Ligand code: AFP
């Protein structure tokens, strides 16, 4: 008889049993992320039927148009976690200020930073979407809630990170610093099943993902690098193929499994780039590094960038180790 794959809950319980000091709080937090994924996936599946496509008419703190589904996804995270007893703070792309649970509320020791709906320009087209999360541990021993500033930690301090991918299937991919595991939601039974064990990204790929509409805004080094990927050279596996969905999660997921590079570089007039450090770049960097890849700003390791603002942006070059190293060479003018 074929063995039944491990469910997410069983996998988490097994992992917890290997840590003698574990209280179960962290395991429950991951299970709740899975729950948020189910709630959002359910809405996405019938989005075209229940009038939740399109925009709200507002702009968020980043100055971007807010989609109805951005709000729904953010509310799902907040509803699930605010009274969960697992977190003491929540921060998201969609909230100007973090939610810091009052001192007199029951709360847990984790701080959760998230992008509730990544790639939201894809909502109206039935294209892939995602959610990204970063988990930090609040180190204070006191019962006091963290302050805004205490949420701003380097990526190296993350205790877990991952993403939900809403594609042709719904997946939860995460790391706690011991490899990367991927679970696929089996809709028939409402359970995530282990489908991708110890994911390793190839050292080099044949695909690049970038919004080339921005080509003329890029630095000379970035242009030279992307130009070089199109040169025909059998030995180095060029030309690379171009694939870009407009959803970081989907593009990085493809690279994680097949190799290659994703770039959202800085621009001459906007050197900080577009993506957000704390809840997009850092968690994706943690996952990709744990799979054997690299994540860079072009000049330094993403996870070592010192955050100064909650919604700080950062250039992101991420993917296969050798591809990212090569991009860095061009971006630093060492080609
Ligand atoms: P939204 O979630 O605001 O749609 O942004 C998506 C994203 O952060 C990332 O997922 C994409 O790779 C990138 O931005 C797309 O940006 P462009 O539309 O500028 O290519």
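Kindly evaluate residue 323 against the criterion of being in contact (Cβ under 8 Å) with a residue 12 or more places away in the chain, away from the ligand (no atom under 16 Å from the Cβ) and not assigned by TED's automatic domain parsing to the domain that holds residue 176. Talk me through it step by step, then tell me what you get.
Details: in contact (Cβ under 8 Å) with a residue 12 or more places away in the chain: yes; away from the ligand (no atom under 16 Å from the Cβ): yes; not assigned by TED's automatic domain parsing to the domain that holds residue 176: yes.
Yes, satisfied.
Before we move on, is residue 121 within 15 Å of the ligand (Cβ to nearest atom), surrounded by fewer than 21 Cβ atoms within 10 Å (Cβ to Cβ) and in contact (Cβ under 8 Å) with a residue 60 or more places away in the chain?
Working: within 15 Å of the ligand (Cβ to nearest atom): yes; surrounded by fewer than 21 Cβ atoms within 10 Å (Cβ to Cβ): yes; in contact (Cβ under 8 Å) with a residue 60 or more places away in the chain: yes.
Yes; evaluated as a whole, the condition is true for this residue.
Those residues that are touching a helix residue (DSSP H, G or I) at 6+ places or on another chain (Cβ under 8 Å) and within 16 Å of the ligand (Cβ to nearest atom), I need them from region 92-118; list them, please. Please lay out each step first, then the result.
First, the residues of region 92-118 that are touching a helix residue (DSSP H, G or I) at 6+ places or on another chain (Cβ under 8 Å): 92-95, 97-101, 108-118.
Passing the criteria: 92, 93, 94, 95, 113, 114, 115, 116, 117, 118.
Which is within 16 Å of the ligand (Cβ to nearest atom), surrounded by 24 or more Cβ atoms within 10 Å (Cβ to Cβ) and at pLDDT 95 or above, of 222, 245? If you could, list the steps in order and put the result at the bottom.
Numbers: 245 fails: surrounded by 24 or more Cβ atoms within 10 Å (Cβ to Cβ).
Within the list 222, 245, the selection yields 222.
Residue 85: within 24 Å of residue 147 (Cα to Cα), away from the ligand (no atom under 12 Å from the Cβ) and buried (at least 20 other Cβ atoms within 10 Å of the Cβ), yes or no?
Details: within 24 Å of residue 147 (Cα to Cα): yes; away from the ligand (no atom under 12 Å from the Cβ): yes; buried (at least 20 other Cβ atoms within 10 Å of the Cβ): no.
When the stated conditions are applied, residue 85 does not pass them.
Quick one: how many residues across region 219-278 are over 23 Å from the mean Cα position of the chain (by Cα), closer than 14 Å to residue 205 by Cβ and assigned to a helix (DSSP H, G or I)?
Residues flagged as over 23 Å from the mean Cα position of the chain (by Cα), closer than 14 Å to residue 205 by Cβ and assigned to a helix (DSSP H, G or I) within region 219-278 amount to 2.
Can you tell me how many residues within region 161-173 are out of contact with any helix residue (DSSP H, G or I) (no Cβ under 7 Å at 6 or more places or on another chain) and either more than 14 Å from residue 41 (Cβ to Cβ) or surrounded by fewer than 16 Cβ atoms within 10 Å (Cβ to Cβ) (or both)? Show your work before the answer.
Looking only at region 161-173, we keep the residues that are out of contact with any helix residue (DSSP H, G or I) (no Cβ under 7 Å at 6 or more places or on another chain), and these are 168-169, 171.
Next cut, either more than 14 Å from residue 41 (Cβ to Cβ) or surrounded by fewer than 16 Cβ atoms within 10 Å (Cβ to Cβ) (or both) only: 168-169.
So the count comes out to 2.
Keeping to region 41-70, report how many residues are modelled with pLDDT under 85 and part of a helix (DSSP H, G or I).
Final tally of qualifying residues: 3.
Just checking, does region 268-276 include any residue being over 20 Å from residue 215 (Cα atoms) and modelled with pLDDT of 95 or more? If you could, list the steps in order and put the result at the bottom.
Pass one, region 268-276, residues over 20 Å from residue 215 (Cα atoms): 276.
Right, trim to modelled with pLDDT of 95 or more and you get 276.
Looking through region 268-276, at least one residue is over 20 Å from residue 215 (Cα atoms) and modelled with pLDDT of 95 or more.
Among the residues of region 281-295, is any more than 15 Å from the chain's Cα centre (by Cα) and not in a loop (DSSP other than H, G, I, E, B)?
To start, the set of residues in region 281-295 that are more than 15 Å from the chain's Cα centre (by Cα) comprises 292.
Now narrow it down to the ones that are not in a loop (DSSP other than H, G, I, E, B): none.
For region 281-295, residues more than 15 Å from the chain's Cα centre (by Cα) and not in a loop (DSSP other than H, G, I, E, B): absent.
Any idea which residue in region 187-218 is nearest to the ligand (Cβ to nearest atom), counting only those that are in a loop (DSSP other than H, G, I, E, B) and under 17 Å from residue 330 (Cβ atoms)? Please lay out each step first, then the result.
Step one: of region 187-218, the residues in a loop (DSSP other than H, G, I, E, B) are 187-190, 197-206, 210-211.
Adding the requirement that they be under 17 Å from residue 330 (Cβ atoms) leaves 204-205, 210.
Working: 204: 22, 205: 17, 210: 8 Å.
Residue satisfying both the conditions and the ranking: 210.
Filter region 248-263 down to the residues that are away from the ligand (no atom under 16 Å from the Cβ) and out of contact with any helix residue (DSSP H, G or I) (no Cβ under 9 Å at 6 or more places or on another chain), then identify the one that is farthest from residue 118 (Cα to Cα). Give the steps one after another, and end with the answer.
Here is the first cut: in region 248-263, the ones away from the ligand (no atom under 16 Å from the Cβ) are 257-259.
Within this subset, residues satisfying the condition of being out of contact with any helix residue (DSSP H, G or I) (no Cβ under 9 Å at 6 or more places or on another chain) are 257-258.
Values: 257: 19, 258: 21 Å.
Looking at the filtered set, the residue picked out is 258.
Go through the residues of region 188-197 one by one and say whether even a single one is within 17 Å of the chain's Cα centre (by Cα), exposed (fewer than 15 other Cβ atoms within 10 Å of the Cβ) and either closer than 23 Å to residue 117 by Cβ or not assigned by TED's automatic domain parsing to the domain that holds residue 291 (or both).
No; the residues of region 188-197 include none that is within 17 Å of the chain's Cα centre (by Cα), exposed (fewer than 15 other Cβ atoms within 10 Å of the Cβ) and either closer than 23 Å to residue 117 by Cβ or not assigned by TED's automatic domain parsing to the domain that holds residue 291 (or both).
The values are calculated or read from the model by the stated rules, or taken from the named source; none is laboratory data. Keep in mind that this is a model prediction, so the values were computed, not measured. For neighbour counting, all protein chains shown are included, and Cβ atoms are generated from backbone atoms with ideal geometry for every residue, glycine included.
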